[in-house]
Every structure is written in structure tokens, then in C-alpha cells.
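Below is one structure; the comments refer to it alone.
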Amino acid sequence: MCGIFGILMPGRQAVNLPVARRALDLIRHRGPDDEGYILVDTVNRQVVPCAGSDTDKSLTLPDIGAFSDRPFSALLGHRRLSILDLSVAGHQPMRSAEGRYWIVFNGEIYNYLELRAELTLQGHVFITSSDTEVILAAYQQWGAQMLNRFIGMFALAIWDTSENTLFLARDFFGIKPLYYTRAGGKFAFASEIKPLLELDGVGRKGNPNQLYDCLGFGLADSGETTLFADIQQLLPAHYLHIDLSLKQVEPKRYWQLDLSSHVDISFREAADTLRKLFEESVRLHMRSDVPVGSCLSGGLDSSAIVMNMNNMLADGQQLHTFSYIVDDPIIGEEKYVDLICRDGDIISHKTRSTSEELIADLERLVQIQEQPFMGPSIYAQYRVFRLAHEMGMKVMLDGQGADELFSGYYSSIGARLASLVCRGQMGDVWRVLRNAPDNMKEHRLRMLSFSLGRIIPAGMVNRIVALTGIPSFPSCVDQNWFVERGVRHHMRPHGHGKDALREESLLSIEQLSLPQLLRYEDRNSMCFSIESRVPFCSKAIAEFALSLPDHFLLSNEGVTKSVFREAMKDLVPQVILRRDKVGFATPARDWQKLLLPWTERTALNTELNNVPFLKKDSLMQMLKTSSQQKQASWPINAWRCSNLLYWTQAFDVDWS
């Protein structure tokens, strides 16, 4: 796991090397073990490798500062977190064997050993034991077609010295981030947003369209755009080529989940196949030259990962898990964490926090995440990775992706009901509602409303939304501000008709929940120099899950993740298999009450012109009202607005 950065200047303009070096320093936390650069003279097709302050001295590379007076029009930079091949042979940027290509790479290719063997048969010779060298050989052999052969997570850039072109690519699910900008005529990319904001010509003007989705639906990572108007992200499962003209920057998709694919197998066969796919994914995700631990919430997904990992350890090894504990008899999950660790003879590490600690850490958390985050549970995840860092871990596994693939969210129930209604299976509709998880039965009307919204024409959806009791926009938002900027009112995308459940799953994977969860995961882990791996985000598992019948995923008895529970039934304790979903539980209401004075101070100290889309008096009234409510969770609109306020101030975002 690493941090990457690069810049390509127009014409014969020179890269500002001191600025580029500062930009890469901003992501040092992603790779504190090593630092490297290449400077490219595109006219003479000359590449100069050079060092930074953290570069291993044994490489004897010249310092980048020695070249400040020479006009290089392209640069690639890399920060390394050593996971595979810990020697200096894994230094990046790395050159291909024949000298044509140079790569900077963030991520892991878990099947690199199998690919290496295949490429060796094709005549390629390897001198390191790193996956980076395998990528270079794969690109030389197959070009962009190599991407579909990978099992892993990656964001990479390859410079072609023969063609003077740059190739960028991102993994299937977007586990690893990759942002870029074309502001000021240049092309620049980075693993995070902050390095790009450091560059000349890149402004901090906000994006009203993305802001609308953020306030209305809680979506900050749903497409190519970000909340910064000058910065985009390369979407998951996409690549692009850039030449020296910098005129054509059109990403191309290399992989797509196919909803028309269906498998005709029994429920038992599906569970057995899923078990094998999952075990293989966990096995590959444990490949590392440093110890591997795991997050453990006590829920089904993390418990399944932990029990599988534990079975794969060599004799004498013990697994370390890391958990966030809430001392609340209703939402606390400590007893389930303890059960898993007792059953597996696992070493458990736990962390707790107070509201005061949240306040102390919140400003840093906002800076780390770079875009707004949609709930306080992100802080609990931050604390888990901090604990893992304190215990010396460099690699962790986590359970992101399971809910999207196996219909684990309760919003999936609405989609499932819509599918059943469209198929005329009204008896099953009532069965699903009657057998809904215990902590959702009080929301039957809301589930029915969600299902109707997936059946009726779009023009009638607003009336259905009103039945849920959830306002389409917070009352403190000035909707006229969006109208004046040409932002059209629209609804959150969702599945429709007979295929509503599978369409909803695809949307959750590509646009709705998973992109944001992966961003939270990446920033919270990498800020502590930890590589977080997510074995559910497997191309093979995703393709299989979305080819299954609806009732395998969300059964006619209202059981979410039905086939996955069946696949894990002799591995995970029954009490956990039968549990209702809790999510990453946090004492959000108590946190909100303590944060209210700080939010008030932030609002009062923020000029009205800086947040013209918020009515501050209405915001403060909403926060006070929501903090006095008896519900256990923080009303989502209160969090979205207050978090946007913190974020706008922290990044000096221009909404004028």
C-alpha cells in the first residue's frame, strides 16, 4: 500500500519541483517507508530517477532538489508502505525489464504469484519478489487487458517512454482512490485530494451538483465529480490514456457487473460455491510479508472473515483482532466479539472512546477524510485503526462490501418487496413483512413506501417519499441557491420493477454506499500507515452473488444475506448467524449533544457568504431539536449539515 502522485505539463512547460515535492509530502502517511521520483524530459525522452528525504541511501540516487533548474515536463512520485518484498528491490518508481515503462502503484495484486508463473512461461524474467514488477511485465505482455486478470486492489500509473503517454487505472470496486485534475492546462493525479489542492491553478471552488447529492442523499463519492469543482476521480473499473496534447482524457470501462447473468443451481449448491469463493478470497488476501490482523465488530461479516483467517494460520500462530466497544446494553456488541475470540483462541484488542475524545479528534478526522462523511460511526473505525497502529499492525482485513453484495441493508427489503409485487407474489410480500428483522418491524410502513417508490412512475415518487416521514431536504437548506446555479431537482437512484433488488445491489456497489465506505476505510487506515484489505470486494464473488435468484439473497422469510448465512453456518456461531444487523453502533445522540456547542461556535464564526446554501438560524434550531429527541441515533440531516459546515471551514471551500 502506498501513495502515488504525478503531473504532466502542457507544451514545454516545466514541473515546479519544490511544489511537487510538497504535494507528495502531504501523503507521507500512506508510505513512510520509502520515497522516490522520476523526472521526464519529454522532448529528449530522457527519464531521471531521483530521491527524496526518505529514500533508502543504498540506492545512491541523486536528490530531486539537485534538478530544480532543469525543465522537466513530467514527474511521477511514490511513497511506499512495504508489505511485499520488503527489500530496496521494491523501490518505486520501478522500471520494466526492457526499460520502456515506469510505474507508480498503490495497492496489492493478490494473485501475483500465479501471474508471475504464467508470465515466466511467456519468457519474462523477474529480479524481485514484488507484485509491482509483475504488473510491469503484464502490461508489456497484455496492455490494458491485464486489468481483468488481476485479483486485488490497485491505483496505478505507467509512463511509456516510447510513446510519451501516461496510463492510469483503478481497481474493480474503487478500493484504492485515484483523483485527477486538468486545472491550469496541466494533468495531475494523486492518491488523495490534498496534493492536488497544493498545485498552482487548482482552486477550492465547490461543486453545487455534488453538494446537492451530499445534502439530499448523503452521497459524496457517487460519480466522477467530487465536491471540489476542479478535481475528479477515476471511477472504479476504469482506465485512461493521456498523451502530451492533454486534450483527450476520456476514461474507459474495462469491467461491468452483468445483471442479465443468471445461474440455475439449488440453494445448497449456491451456499457451497459461495463458501469456496469466500475462502479463496480470504486466503489470497492474507498474502503478506508482514503480520495480518482483522477488524472485528461482532457481526456476521467480520466474524466470518476472522474465523476463516483463523483456520488458515499455521500452527503456533495467533490471530489479532481489533474492535470498537460501546458500553451500552442495547447497541453494544462486546459479548459477540468475546464469543468469537474465545471460540478461536484469538487475541482480542479493544478500544473505547468518550465524547470528549471525539471533539478532540474531529478536526483531524475531517482533514483525513477530505470530503464530508455521513455518520459518526466513522470515528469508531478511526479508533480501531489507531489501536491497530499502536499495536504494530501494517495489514488488516475488514468486511466492507458484504451488505451490498448480499442484500444486507434494510433498504434492500423495500427493493425485494417491489420485485415481489411486480411478479404478483403477494403472499410472499406479507411473509417478508411479517418476518422482517425484529429491529425493523416498527418501520413496516416505511418499507412499503420504499417498495412503492420502486414501482410507480418517477413523477409520483415525491408523494410516496412524504409517507416515509423523511424530508427530501433538511429544512435549513436554501433550495433556491441550487436553482440559481442550474442544479435540477432529482431523486436518489434506485432499482425498479421485477429486478429492483439486483438493480439496487448494483447501484449500492457502484454509486451509493460502497464508494463512500471504501473512502472512509482507505483514509482511516492509511492515516495510520495501515493497509486495509476487503475480501468481500472480489470480482468472482460479486459476479456470482448478482447472478443468484432474489430469494437466495433476501429470503421469502425476510432473512437478509440468506445464502451467505447458510454458507457460514458451520463456521460462525449460531447466535451470530441469527443476529439482526446493527451496523457500526455508536452513541451518536450523546455525541451530538456534546458537539452542539462546538457546532454553534463553528456556525457563528463562519461568514454567511462561506456557506450560502445553509440558513444558519434554521440549522441551529434543527441541531438543538434533534439533540433533545429520545431516539438512539443522530438524525441524519443534522449530521450532514453540521459535517458540511466543519468541512467547508477546514478546506476553505469557496461556495460564492
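The values are calculated or read from the model by the stated rules, or taken from the named source; none is laboratory data. Quantities reported herein were computed from a predicted structural model and do not represent experimental measurements. FYI the Cβ positions are ideal-geometry reconstructions off the backbone, even for glycines, and counts take in every protein chain you see.
Pull up the range 89-105, narrow it to residues that are surrounded by fewer than 15 Cβ atoms within 10 Å (Cβ to Cβ) and in contact with a Ser or Thr (Cβ under 8 Å, 6 or more places away or on another chain), then point me to the one that is farthest from Q46 (Cα to Cα). Spell out the reasoning first.
From the range 89-105, those surrounded by fewer than 15 Cβ atoms within 10 Å (Cβ to Cβ) are 89, 97-99; that's our starting set.
Checking the rest, the ones that are also in contact with a Ser or Thr (Cβ under 8 Å, 6 or more places away or on another chain) come to 89, 99.
On the way: A89: 22, G99: 11 Å.
Here the answer is A89.
Out of R523, R565, R519, R579, which single residue is in contact with an Asp or Glu (Cβ under 6 Å, 6 or more places away or on another chain) and either closer than 23 Å to A436 by Cα or not hydroxyl-bearing (S, T, Y) (or both)? First the steps, then the outcome.
Numbers: R523 fails: in contact with an Asp or Glu (Cβ under 6 Å, 6 or more places away or on another chain); R565 fails: in contact with an Asp or Glu (Cβ under 6 Å, 6 or more places away or on another chain); R579 fails: in contact with an Asp or Glu (Cβ under 6 Å, 6 or more places away or on another chain).
R519 is the lone residue from the list that is in contact with an Asp or Glu (Cβ under 6 Å, 6 or more places away or on another chain) and either closer than 23 Å to A436 by Cα or not hydroxyl-bearing (S, T, Y) (or both).
Can you tell me which residue within the range 107-145, out of those that are surrounded by fewer than 22 Cβ atoms within 10 Å (Cβ to Cβ) and small (G, A, S), is farthest from the chain's Cα centre (by Cα)?
G123
Would you point out the residue of the range 570-596, among those that are at pLDDT 75 or above and of a type outside the set (K, R), that is farthest from I331 (Cα to Cα)? Talk me through it step by step, then tell me what you get.
Of the residues in the range 570-596, the ones at pLDDT 75 or above are 570-579.
From the residues that got through so far, the ones that are of a type outside the set (K, R) too are 570-577.
Numbers: D570: 26, L571: 24, V572: 20, P573: 19, Q574: 19, V575: 16, I576: 14, L577: 17 Å.
Filtering first and then ranking leaves D570.
When residues of the range 92-127 are filtered for being in contact with a strand residue (DSSP E or B) (Cβ under 8 Å, 6 or more places away or on another chain) and either at pLDDT below 95 or of a type in the set (D, E) (or both), how many remain?
The total comes to 2.
Checking the condition more than 32 Å from the chain's Cα centre (by Cα) and not charged (D, E, K, R), which residue from T55, T60 passes? Lay out the reasoning, then the answer.
Numbers: T55 fails: more than 32 Å from the chain's Cα centre (by Cα).
The conditions single out T60.
Scan (1) more than 21 Å from M9 (Cβ to Cβ); (2) assigned to a strand (DSSP E or B) for the single condition D54 breaks and write down its number.
(2)
Suppose we keep only residues that are at pLDDT below 95 and either assigned to a loop (DSSP other than H, G, I, E, B) or among the β-branched types (V, I, T) (or both) within the range 36-46. Which one would you say is surrounded by the fewest Cβ atoms within 10 Å (Cβ to Cβ)?
So the residue we want is N44.
With the condition kept exactly as written, say whether any residue in the range 177-197 is part of a loop (DSSP other than H, G, I, E, B), among the polar types (S, T, N, Q) and modelled with pLDDT under 95. Step through it out loud before you land on a result.
First pass over the range 177-197, keeping only residues part of a loop (DSSP other than H, G, I, E, B): 177-178, 182, 186, 191-193.
Applying the additional criterion that residues be among the polar types (S, T, N, Q) yields 191.
Filter once more, keeping what is modelled with pLDDT under 95: none.
No - not one qualifying residue is present in the range 177-197.
Restricting to the range 518-558, name every residue that is touching a helix residue (DSSP H, G or I) at 6+ places or on another chain (Cβ under 7 Å), over 30 Å from A388 (Cα atoms) and not in a helix (DSSP H, G or I).
L546, L548, L554, S555, N556, E557, G558
Quick one: V15 ticks every box in (1) surrounded by fewer than 16 Cβ atoms within 10 Å (Cβ to Cβ); (2) touching a residue at least 60 places away in the same chain (Cβ under 8 Å); (3) out of contact with any Asp or Glu (no Cβ under 9 Å at 6 or more places or on another chain) except a single one, so which number is it?
V15 satisfies all of (1) surrounded by fewer than 16 Cβ atoms within 10 Å (Cβ to Cβ); (2) touching a residue at least 60 places away in the same chain (Cβ under 8 Å); (3) out of contact with any Asp or Glu (no Cβ under 9 Å at 6 or more places or on another chain) except (1).
Condition check: over 21 Å from I509 (Cα atoms), in contact with a Leu (Cβ under 8 Å, 6 or more places away or on another chain) and either surrounded by fewer than 17 Cβ atoms within 10 Å (Cβ to Cβ) or not assigned by TED's automatic domain parsing to the domain that holds K569 (or both). Does D289 satisfy that?
yes
It is to be established whether one or more residues within the range 335-354 are among the β-branched types (V, I, T), more than 25 Å from the chain's Cα centre (by Cα) and buried (at least 19 other Cβ atoms within 10 Å of the Cβ). Walk me through it before giving the result.
Applying the first criterion (among the β-branched types (V, I, T)) to the range 335-354 yields 337, 340, 346-347, 351, 354.
Narrowing further to those that are more than 25 Å from the chain's Cα centre (by Cα): 340, 346-347, 354.
Restricting the remaining residues to those that are buried (at least 19 other Cβ atoms within 10 Å of the Cβ) gives 340, 346.
Within the range 335-354, one or more residues are among the β-branched types (V, I, T), more than 25 Å from the chain's Cα centre (by Cα) and buried (at least 19 other Cβ atoms within 10 Å of the Cβ).
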